[in-house]
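This report concerns only the one structure given below.
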Amino acid sequence: MGTASDRRTMGFRAVMKRLHYAWIIVFITFLILLAVQGVRLSFGAFVEPWEREFSLDRGTISLISTLSFIVYGISQPVIGRLVDRWGARAVLSWSTLLTGISIFSTCFITSPWQLFLLYGLGVSLGVGGASNVATSVLVVNWFSKKRGLAFGIMEAGFGAGQMLLVPGSLMLIHWFSWKLTVVALGLLLMVIVLPAALLLLRNHPSEKNEEPIGGTAEEELETGSKTKAGSVTAMFRMKQFWLLILPFLICGFTTVGLMDTHLIPFSHDHGFSTTVTSAAVSLLAGFNIAGILLSGIIADRWSSRKILCFLYAVRALSIVILIYSHEPYLLLGFAVLFGLVDFATVAPTQMLATQYFQNYSIGLMIGWLSLAHQIGSALGAYVPGVIYTVTGEYTLAFYLSIGMLVLASVMNVMLREPAAMNRDSAAVMEKV
């Protein structure tokens, strides 16, 4: 009969045999995004230590974040092309290594220009490569069905990084120093995440003698450029392109740009303790994970366009609450509501992109979306910093963000449903 240990081993092997390798791909992309993007999202924890260390004002520190977002954003269409040429595995692995080396090396800096160089360029290029451009291509390659769920799990890595690394960095800085914190972050990337990516990631199901979950659809045999020359220019002329790009720019302004850069300093300015601030960040991140997973599941079953309209409207409401958060319970309430709609916009946006632009390079399209998001993030990091320097508070920046979110919600109303567009296209082809 065998021992209990033998039976457990056989049971584990049976489960692993039934488990499609696509889910291992999703887990590794989740881990990469958790670690690499968690490093990026931890920037707010370093704002005040770097101000003190290098005698910088808030506007200058915000400029470092702005440079980071610009470099990140410009890299995204290029990363999309590199993924099409070299594969997502190579891009993700090298980018993780670059991020780890760059953040680790910041412990040796002695002047602000070195911080601009290592964080603004080195970390940002690494984070740009280990982003959802490459990971989204992997999802498209490995999933013909359940893509919304896969996108949601993958994007939950952002929320998990925010929940673990942001408050973790904040507390390490509080207990020890910012230099010890960057050393820990660098070692996490180089010693744990990089080997996992190299050993377990695979670009295509064929490398494991498998098919994607849901089978291989004819139109999805390639994720590279599949249309005639000049098709990218045609993509820019489509109304759907701009109605996805512009709200995603606003998304970047109000999430990574505004909140991930300025929420911690805002909380401290209002007299909230490090404990309350860490609790708020952790709550935001925890509910962010829940929101990401829910939006991915719902995107498989309901209109992604309507989901986005709702999410942007709720995000505007949450910032209204933040403006009046003068008590800890209001700050925590904001964190819960904003967390639910924070990165929840990504999965439905990516779903719409794969539906509207299924005949184009998915890597390139996601790259352009990510570029728009990073432009918004750069503006969201810098403009509120300047407003704070001039007015001494963030209120004007918050009202600006509310107006932009209302506009994003309206633009998603203006989108057509992909199914309706496909029916019209089929009717046109029949007439031809």
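A few points about this structure:
- Take the chain and mark each of the GluC sites (Glu not before Pro) that is in a DSSP loop with at most 16 other Cβ atoms within 10 Å; the longest unmarked stretch, sites excluded, is 1-209.
- With Cα atoms as the point set, the stretch 271-409 shows a radius of gyration and Dmax of 16.4, 52 Å.
- Largest GNM mean-square fluctuation among SER278, SER177, SER131, using the chain with Cα springs under 10 Å: SER177.
- Mean Kyte hydropathy of -0.5 or more with a Cα span along the axis of at least 18 Å, helices from DSSP in the chain: 21-41, 58-86, 88-105, 147-175, 239-252, 274-299, 304-323, 328-341, 362-391, 395-413, 418-431
- Summed residue charge, Cβ within 9 Å of VAL413's Cβ, Lys/Arg positive, Asp/Glu negative: +2
- Heavy-atom surface of the chain, accessible at 1.4 Å and reported per residue (Å²): 41
- Fraction of accessible area attributable to carbon and sulfur, the stretch 72-214 (%, probe 1.4 Å): 70
- Of [x] 24, 61, 15, 0; [y] 22, 49, 22, 6, 1; [z] 27, 57, 16, 1, the label for P(r) over Cα pairs in 20 Å bins from 0, in percent derived from the coordinates: [z]
- Over the stretch 241-336, volume per residue of the alpha carbon convex hull, in Å³: 90
- Candidates LYS239, LYS145, LYS179, ranked by Gaussian network fluctuation over the chain, Cα under 10 Å, top entry: LYS239
- Selection of chymotrypsin sites (Phe, Trp or Tyr not before Pro), the stretch 137-181, meeting DSSP coil and at most 14 other Cβ within 10 Å: PHE176
- For the chain, built as a Gaussian network whose Cα springs stay under 10 Å, the top-fluctuating residue of THR261, THR96, THR275: THR275
- Calculated [222 nm] ellipticity per residue, helices only, for the chain: -25000 deg cm²/dmol; basis is -39500 (n - 2.57) per DSSP H run with n ≥ 4, divided by all residues, nearest 500.
- Among the trypsin sites (Lys or Arg not before Pro) in the stretch 292-384, those placed in a DSSP loop whose Cβ has at most 16 other Cβ atoms within 10 Å are ARG301.
- Stretch gain in nm, segment GLU210-PHE116, where the contour uses 0.36 nm per residue and the Cα spacing is subtracted: 29.4 nm
- When the solvent-accessible area of the stretch 276-432 is split by element, carbon and sulfur atoms take up 71 percent of it, the probe being 1.4 Å.
- Near ILE289: Cβ cut-off under 11 Å, other residues only, Lys/Arg at +1 and Asp/Glu at -1. The net charge is -2.
The values are calculated or read from the model by the stated rules, or taken from the named source; none is laboratory data. Only a predicted model underlies this, so the values are computations on that prediction, with no experimental measurement involved. Virtual Cβ from ideal backbone geometry, glycine too; neighbours counted across all protein chains shown. Protein only, heavy atoms only, side chains kept; ligands, DNA and RNA dropped before computing areas. Shrake-Rupley method; radii C 1.70, N 1.55, O 1.52, S 1.80 Å.
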